[in-house]
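Novice: Sharing a structure with you now.
None of the figures in this text is laboratory data; all of them are computed from the coordinates on show. Fair warning: this is a prediction, and the values are worked out from it, not measured in the lab. For neighbour counting, all protein chains shown are included, and Cβ atoms are generated from backbone atoms with ideal geometry for every residue, glycine included.
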Amino acid sequence: MPVTRVGVISDTHGLLRPEAVAFLKGCDRIVHAGDVGDPAILDELSKVAPVTAVRGNVDTAPWAAALAETQVLEVEGVRIHVLHDLGQLAVRPAALRIDVVVSGHSHKPLTERRGGVLYLNPGSAGPRRFRLPISIAEITIADGKVDARFVELEIG
């Protein structure tokens, strides 16, 4: 049974760590949940896999105007809603047949199911903030089943 891997990264704030790129290699798709910080990050990620990215609150430079505030993508029949700040979620995911909601902003890794919807925040892969981990996540899809996991990056 083939497994589709969607890498999820957020809050890079202009820093794309080699450890994050190494984790994302082999992904079928990459989602960036905002606070990109530098368009070169999206260019580098697109060398690994197709990228879907949204604008975060620090993405205010002219280049970031091309990024939407929310995106919905479908991967292997799984609908993924992406936004930066979960507090600004303006839709009812289950009503729109959304399977996964991906957000960033808090820098705190989170995965939980609510009302049949998987909520995922990969944490921050950019500069360390407070004592929060530097982390990234992946969504795996196999036979219509969706799962997610975090990885705390080992920074050399």
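Novice: Count, please, the residues in segment 44-87 that happen to be under 20 Å from Val6 (Cα atoms), outside any loop (DSSP other than H, G, I, E, B) and among the hydrophobic types (A, V, I, L, M, F, W, C).
Specialist: Going through segment 44-87 one residue at a time, the tally reaches 11.
Novice: Just for segment 138-156: of the residues that are of a type in the set (A, V, I, L, M, F, W, C) and not in a strand (DSSP E or B), which one is surrounded by the fewest Cβ atoms within 10 Å (Cβ to Cβ)?
Specialist: Only one residue fits best here, namely Ile155.
Novice: Show me the strands (runs of 3 or more DSSP E) found entirely inside segment 96-137 where at least 2 residues are aliphatic (A, V, I, L, M) and surrounded by fewer than 23 Cβ atoms within 10 Å (Cβ to Cβ).
Specialist: 117-121
Novice: Okay, moving on. Which residues, taken from segment 1-41, are surrounded by fewer than 23 Cβ atoms within 10 Å (Cβ to Cβ), out of contact with any Gly (no Cβ under 9 Å at 6 or more places or on another chain) and touching a residue at least 40 places away in the same chain (Cβ under 8 Å)?
Specialist: Result: Met1, Pro2, Val3, Thr4.
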